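Contents: one structure, followed by commentary.
The values are calculated or read from the model by the stated rules, or taken from the named source; none is laboratory data. Just so it is clear, the structure is predicted and the values come from calculations on it, not from any experiment. All Cβ positions, even for glycine, are placed from backbone atoms using ideal geometry, and neighbour counts span all protein chains on display. To get the accessible areas, we keep the full protein, side chains included, count just its heavy atoms, and leave off ligands, DNA and RNA. Shrake-Rupley method; radii C 1.70, N 1.55, O 1.52, S 1.80 Å.
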Amino acid sequence: MPQTYYLGGRTPLVTWTACLLWALASLLAAWVGWWGSTAAAWWIATAGVVATLFAVTGGGLWWRLEWARRAGVVCLLAVGVGSVGLVWLMAGQALWALLAALPVSVALAWLARRLDSTAVREQFVA
């Protein structure tokens, strides 16, 4: 029996996810530039590495590479958890702050779940 190859079209979801990762990388890079001289060195180094990871992952998603899809899922989930944790720490563990950050985390988790769906996975090359 001959093998059938699926040549699906590009979904806007992946393109916009790549743009979202690039925007997050730009925000982190701006944060590094702004606080670079006053913050602890390990925070700046970590933020710089994460910004680079987001930018490279966004580029890989743009080119529909499989490793970038997997890294994109991890990046989105990390941003969701990190945003809740950051708001929780900055607001003094206020419940209203946690409730304000939860919709962002839920949206990022939904986006990560869609990025891992079969219809989206068929667009990527190994």
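Computed quantities for the displayed model
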{"item": "Accessible surface of the chain [probe 1.4 Å, protein heavy atoms]: carbon and sulfur percent", "result": "74 percent"}
{"item": "E122-L27 pseudo-label distance in nm [points 7 Å out on the Cα-to-Cβ vector]", "result": "3.3 nm"}
{"item": "R0 of 30 Å, Cβ-Cβ distance W35-V74: FRET efficiency to nearest 0.05", "result": "0.75"}
{"item": "1.4 Å probe accessible area per residue over segment 32-126, in Å²", "result": "62 Å²"}
{"item": "Rounded FRET efficiency, nearest 0.05, which uses the C-beta distance separating V104 from V56 and R0 of 25 Å", "result": "0.60"}
{"item": "Solvent exposure ordering (accessible area, 1.4 Å, most first) of T11, T52", "result": "T52, T11"}
{"item": "Accessible area of S26 in the full protein assembly, 1.4 Å probe (Å², nearest 10)", "result": "70 Å²"}
{"item": "Relative contact order (%) - criterion: Cα under 8 Å, at least six apart; region: segment 34-114", "result": "25 percent"}
{"item": "R64 accessible area, assembled protein chains, probe 1.4 Å, Å²", "result": "10 Å²"}
{"item": "Overall form of the chain per C-alpha gyration tensor (a/c, 1.5; a/b vs b/c)", "result": "oblate"}
{"item": "Mean residue ellipticity (222 nm) of the chain, computed from DSSP H runs ≥ 4 via -39,500 (n - 2.57), nearest 500", "result": "-26000 deg cm²/dmol"}
